[in-house]
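Step one of this worksheet: look at the structure below.
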Protein chains: 2
Amino acid sequence: MSTEFSKTDRTTITRLPKRGSYDKETIYAILDEALFCTLAYVHNGEPFQIPTGHCRMGDKLYLHGSVGSFYMRELAEKKLPVCISVTLMDGIVLARSAFHHSVNYRSVVIFSKAEVISDETEMYRALEVFTNKMQPGRWNDIRQPNESEWRKTMVLAFPIEEASAKIRTGGPKDDDEDYALDVWAGVVPLQTTRLAPVADPVLKTGVELPEYLK
Amino acid sequence: MSTEFSKTDRTTITRLPKRGSYDKETIYAILDEALFCTLAYVHNGEPFQIPTGHCRMGDKLYLHGSVGSFYMRELAEKKLPVCISVTLMDGIVLARSAFHHSVNYRSVVIFSKAEVISDETEMYRALEVFTNKMQPGRWNDIRQPNESEWRKTMVLAFPIEEASAKIRTGGPKDDDEDYALDVWAGVVPLQTTRLAPVADPVLKTGVELPEYLK
């Protein structure tokens, strides 16, 4: 099995191609770390975008939502082509010149079409993986979906077959003559931090913070 | 002058409409805080997405890029309709039931078309505002764009006239009967943190970290 995605017209990185990657593990790691994606589709010839949570299992990206969601139904019924992207911001790159200022980032773009998941086991597993991605350890601690909730939930899978990543790392790259300037240069790293959990004010008396949240 | 954007078919929040906001100040604050946006457009009937930096001045969102960028030229020359979104993730909402798990977020969606900025003052100002947004205090400390860099840079403005925000805040909302469960519930707040600046390994000797980075 190939460890790289084949380049297509849509996924080939043409601007700064050195930043491009088609490596599956690289792409999957970015998808797994990102807490949300944005999904773009075309309706009446015009572009629309939805930010939403996602998770990955194997070679598919999973989204879930309400069966009452217009865009979920559209994607499912019409098999519309979609473009899904995720972006992680890793740092602000401060160069000596305005022109070479940049950011360190890891982004992924996927082109795909929705498959409705009707298999209960796969649907259940997608919700479990999604929940545990947002908060590791959570799924086994909570009330599982009941029959009514089950019927209200739609899970869509998007096969990951046409995808690329674009990544910038490292310090600033200035023009040769600018290294002599008396300007501080470097990187301000960015980090997404999970702060201490805040209990629901109406939390039942005696319920303690679980180990996986400490 | 109205403090709210008029709702249109494209911007009216239909899913969970209570989370919708059309208030200008609310929308502008989200745009100003977000370090990147994703821009979606249609090419050959299919959706494409680009994550990119942005800044706002008044009632316009500004993007910049290379004059060699295919999508920048397309947006500029063809006046393609675009959909721009930004999303800020504020917390993971842990409910007692799987079904009511959620996230606290602030997102904005804008529908617009590009205007090429050819006025040098406006272009310069957009780059200054953008640079100082990424790192407050930076612009006056660095080498300004020279004639050659100037010619390589394209700045596009997108009038913000059709826009909405969607916002979730607060703790979990569970079904009445679930409040009796022995399940911890609450919010794990998320925060984007700027870590201590890392100097370029080839930083000129004697150049100190500026005040605005301390």
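Laboratory data are not the source of any read-out in this text; all were calculated from the coordinates shown. Just so it is clear, the model here is predicted, and its values are computed rather than measured. Glycine gets a Cβ as well: all are built from the backbone with ideal geometry, and neighbour counts include every protein chain shown.
Of all residues in segment A:96-141, which are more than 9 Å from every other protein chain (Cβ to nearest Cβ) and among the acidic types (Asp, Glu)?
A:Glu115, A:Asp119, A:Glu120, A:Glu122
Hey, among the residues in segment B:100-119 that are touching a residue at least 24 places away in the same chain (Cβ under 8 Å) and outside any strand (DSSP E or B), which one's nearest to B:Ala180 (Cα to Cα)?
First, the residues of segment B:100-119 that are touching a residue at least 24 places away in the same chain (Cβ under 8 Å): B:100-117.
The next check asks that each one be outside any strand (DSSP E or B); those that pass are B:100-101, B:114, B:117.
On the way: B:His100: 15, B:His101: 17, B:Ala114: 54, B:Ile117: 59 Å.
Going through the qualifying residues, I end up with B:His100.
Of the residues A:Val202, A:Val129, A:Val198, which single one is touching a Cys at 6+ places or on another chain (Cβ under 8 Å), surrounded by fewer than 17 Cβ atoms within 10 Å (Cβ to Cβ) and hydrophobic (A, V, I, L, M, F, W, C)? First the steps, then the outcome.
Values: A:Val202 fails: touching a Cys at 6+ places or on another chain (Cβ under 8 Å); A:Val198 fails: touching a Cys at 6+ places or on another chain (Cβ under 8 Å).
The conditions single out A:Val129.
Looking at B:Tyr28, B:Tyr22, B:Tyr41, B:Tyr71, which is the one that is more than 8 Å from chain A (Cβ to nearest Cβ), more than 14 Å from B:Ile167 (Cα to Cα) and buried (at least 16 other Cβ atoms within 10 Å of the Cβ)?
Details: B:Tyr28 fails: more than 14 Å from B:Ile167 (Cα to Cα); B:Tyr22 fails: more than 14 Å from B:Ile167 (Cα to Cα); B:Tyr41 fails: more than 8 Å from chain A (Cβ to nearest Cβ).
Answer to the selection: B:Tyr71.
Which residues, taken from segment A:74-95, are more than 9 Å from chain B (Cβ to nearest Cβ), surrounded by fewer than 23 Cβ atoms within 10 Å (Cβ to Cβ) and touching a residue at least 40 places away in the same chain (Cβ under 8 Å)?
A:Ala76, A:Leu88, A:Asp90, listed by residue number.
Does B:Trp184 satisfy the criteria of being part of a helix (DSSP H, G or I) and not polar (S, T, N, Q)? Before you say what the answer is, go through the steps one by one.
Working: part of a helix (DSSP H, G or I): no; not polar (S, T, N, Q): yes.
No: the conditions fail for B:Trp184.
Yes or no: A:Lys60 crowded, with 17+ Cβ neighbours inside 10 Å, charged (D, E, K, R) and either out of contact with any Ser or Thr (no Cβ under 7 Å at 6 or more places or on another chain) or within 9 Å of chain B (Cβ to nearest Cβ) (or both)?
On the way: crowded, with 17+ Cβ neighbours inside 10 Å: yes; charged (D, E, K, R): yes; either out of contact with any Ser or Thr (no Cβ under 7 Å at 6 or more places or on another chain) or within 9 Å of chain B (Cβ to nearest Cβ) (or both): yes.
Yes: the conditions hold for A:Lys60.
Would you tally the residues in segment B:154-175 being β-branched (Val, Ile, Thr) and surrounded by fewer than 17 Cβ atoms within 10 Å (Cβ to Cβ)? Don't jump to the end; show me each part of the working.
Residues of segment B:154-175 β-branched (Val, Ile, Thr): B:155, B:160, B:167, B:169.
Still in the running and surrounded by fewer than 17 Cβ atoms within 10 Å (Cβ to Cβ): B:169.
Of the residues in segment B:154-175, 1 are β-branched (Val, Ile, Thr) and surrounded by fewer than 17 Cβ atoms within 10 Å (Cβ to Cβ).
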